[in-house]
Each structure stands twice: as structure tokens, then as C-alpha cells.
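A short write-up of the structure that comes next.
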Amino acid sequence: MDPEVGKINPSEHKQLKHDSSLTRGIIDRDLKPSSNERKSIQRILKYPPTRTLSGDEKQLLWKFRFSLMSKKRALTKFLRCVEWSDVQVWAL
């Protein structure tokens, strides 16, 4: 039995936080995903609401958060990719 199964990977968590802080300063509300990114987003949006997203999936949703505003299915997934403990996110 592995005691770390199901726990957050600290290095992945730090990388995600770092990447989101880099893109926080650059807000491009008109940024559109490429066809491959759009396919990945559609795949993620089909996940059940209880599924845990990987770091890459969270980054992808965060990057295109403004283009996802019109998609109702994206809300629960987007809420899972927000780093709620990071107060700087709310300084936008």
C-alpha cells in the first residue's frame, strides 16, 4: 500500500502555482485555444464533476479561462483549477 496515492504532488503543485502566477500578469481575454488544445479542453469538460484534474489539465483550463466563460459545463472544472489558498489570484 502506497501512503502517497491520492495526495497532491508537492512539485506539481508548486509548478502549477508558478505557471499561474506567470500568466496572471498577462491577461489576454481574446486568447483562443488551438485545435489540439480545444480537443483537450472538450475531453476535460466531459469528465464527471468529481474527477480530480491533473496539473496540465488545470493549467490548460486556467490559460483559456476567458474563452470558457460561455461554456456552462466548464464552470465546475474551472473551479477545480483555481488555487483558492492563493490570495494573489484575487488581486486581478
Legend entry - Pair list, Cβ under 9 Å, 6 or more apart: the range 41-58 residue aromatic (Phe, Trp, Tyr), other residue part of a loop (DSSP other than H, G, I, E, B): Tyr47/Leu53
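Restricting attention to the range 66-83, which residues are among the small types (Gly, Ala, Ser) and either in contact with a Phe, Trp or Tyr (Cβ under 7 Å, 6 or more places away or on another chain) or part of a loop (DSSP other than H, G, I, E, B) (or both)?
Ser67, Ser70
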Legend entry - Those residues of the range 34-55 which are of a type in the set (Ser, Thr, Tyr), modelled with pLDDT of 90 or more, surrounded by 12 or more Cβ atoms within 10 Å (Cβ to Cβ) and over 10 Å from Arg80 (Cβ atoms), in sequence order: Ser40
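The values are calculated or read from the model by the stated rules, or taken from the named source; none is laboratory data. Every value quoted in this text rests on a predicted model; they were computed, and no experiment measured them. Don't worry about glycine lacking a Cβ; one is built from the backbone with ideal geometry, like all the others, and counts go over all protein chains shown.
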